[in-house]
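Working notes for the structure below.
The values are calculated or read from the model by the stated rules, or taken from the named source; none is laboratory data. These numbers were taken from a predicted model, which means no experiment stands behind them. Virtual Cβ from ideal backbone geometry, glycine too; neighbours counted across all protein chains shown.
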Amino acid sequence: MNGISDPRVSPNILAAGAVLWRYDARGGIEIAVVHRPKYDDWSLPKGKLDPGETPMVTAVREVAEETGLHSRLGRYLGYVTYPIPGHRKLKRVDYWAAEVVEGQFSSNNEVDELQWHHVDGLMDQLSYPMDRTVVRNFLRLPADTDTLLIVRHAKAGRKERFSGPDDERPLEKAGRAQARGLAPSLAAFGATEIHSAPPLRCVQTVRPLAEQLGIEIELEPLFSETGYAEMTEAARKRARKLVSEDAVPVICSQGKVIPDLLEWWAARDGVTLPPARNRKGSAWVLSLHEGRLVAADHLDRALTVDIGR
């Protein structure tokens, strides 16, 4: 979903936003649109990345700042790019589905009104065709998906340079920085529980998230390379069992586990995986509906969304 045709032009303003949704009293889906008095338009909530932010963190923060509503992200909806009038600048906005968790709208300097619309009345309310395209992507799949986050452990240096048992090999300095960067981005998806393969580098990768959430890390031998190789079917079954309507689990695993698990799951449920190198410190966001995988989005180790998705 790209608003430009010249591949030589790269966006130099980055932003993120969301299709913010909730259930109405009858169980139907409503989507929020906001009015910005500065532009006198109706749009989806969005805003620019602050220094050091990932798009996921920005999307949740901007939704909260513009609407007063706290949300958790779900599946990735794509991005739009467009020129900024009067400037030699191009803006890219990444969008996610975001379910309201709590909060109440209050007008502010950027947004003076919020309206909730059912799908049949939404498109005419939006001021921009690009927002309508994002909403159509949202409507392609069910809104109420369950989320499972799968993380490959961060950088831990070379095996041959570590003299102790491989399971005790710790994260290197760059890996510790990756682990700290992962925590707020995974939290943006509403992470509530953490499961890790036993190797120290896996546990250390999700420790900052555990500290942020104030929860314990549950060790899962089946998600180690050894455990997965010896009991592959049991490991796959365990991963599927962790999917829940009431929780957002995080699994931290290893490089020889994640590709096979994802390829098996995608083939089982008929999902096409996006291209991904599955590098250390990267993550997958799996969206499931009624136990079936419906979307798999990859976040590279820089925690950016893979372009070309």
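Only one of the numbered conditions (1) in contact (Cβ under 8 Å) with a residue 24 or more places away in the chain; (2) out of contact with any helix residue (DSSP H, G or I) (no Cβ under 8 Å at 6 or more places or on another chain) is violated by A174, and that is (1). Listed here are the helices (runs of 4 or more DSSP H) enclosed by the range 166-243 that have at least 1 residues being under 29 Å from D144 (Cβ atoms): 173-187, 200-213, 232-242.
crowded, with 21+ Cβ neighbours inside 10 Å, among the basic types (K, R) and over 25 Å from A295 (Cα atoms), is that true of R201? Working first, answer last.
Details: crowded, with 21+ Cβ neighbours inside 10 Å: yes; among the basic types (K, R): yes; over 25 Å from A295 (Cα atoms): yes.
Against the criterion (crowded, with 21+ Cβ neighbours inside 10 Å, among the basic types (K, R) and over 25 Å from A295 (Cα atoms)), R201 qualifies.
Looking at the range 53-157, the strands (runs of 3 or more DSSP E) lying wholly inside it that each contain 1 or more residues that are touching an Asp or Glu at 6+ places or on another chain (Cβ under 7 Å), under 30 Å from P199 (Cα atoms) and not β-branched (V, I, T) sit at 69-83, 146-152.
Under 6 Å by Cβ, and 6 or more places apart or on different chains, what pairs join a residue from the range 72-98 that is among the acidic types (D, E) with one that is modelled with pLDDT under 90 and surrounded by 16 or more Cβ atoms within 10 Å (Cβ to Cβ)? Qualifying pairs under 6 Å: D94/V305.
Against the numbered list (1) of a type outside the set (S, T, Y); (2) in contact with a Phe, Trp or Tyr (Cβ under 8 Å, 6 or more places away or on another chain); (3) farther than 18 Å from A296 by Cβ, K89 comes up short only at (2).
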